[in-house]
Amino acid sequence: MERLNKNAPTVKLSGAQKKQLAELDSKYAAKIAEREIALQGEIAKSSAAGDFEKMEALQKQLAVERKKLQVEMEDKKESVRRKP
């Protein structure tokens, strides 16, 4: 543990920073859920119509969008952690 702290010391977060991080988690969880709901509806329609190529494309799109939003959230969280 001591070696780990030397390489990457733990950062003490203020109450405001913790609140901002929690807000970012909540905001991005909502964004991800919104995209999932929208695309899951389209995926279900494609599946019911037998359009499996479109269904696969929508599933890939969902995965890409989810990953993009997660990366965006982590970038914003990292900037909050760096603020004094």
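Helix content alone sets the calculated 222 nm mean residue ellipticity of the chain: runs of n ≥ 4 DSSP H residues at -39500 (n - 2.57) each, divided across all residues, give -30000 deg cm²/dmol. The magnitude of the dipole of the range 14-82, with charges of +1 and -1 set on the Cβ of Lys/Arg and Asp/Glu and taken from the Cα centre, is near 420 debye. For Lys18, a cut-off of 26 angstrom between C-alpha atoms picks up these lysines, skipping any fewer than 8 places away in its own chain: Lys6, Lys27, Lys31, Lys67, Lys68, Lys76, Lys77, Lys83.
Taken together, the values in this text are just the output of simple stated rules run on the coordinates, not laboratory data. Only a predicted model underlies this, so the values are computations on that prediction, with no experimental measurement involved. For neighbour counting, all protein chains shown are included, and Cβ atoms are generated from backbone atoms with ideal geometry for every residue, glycine included.
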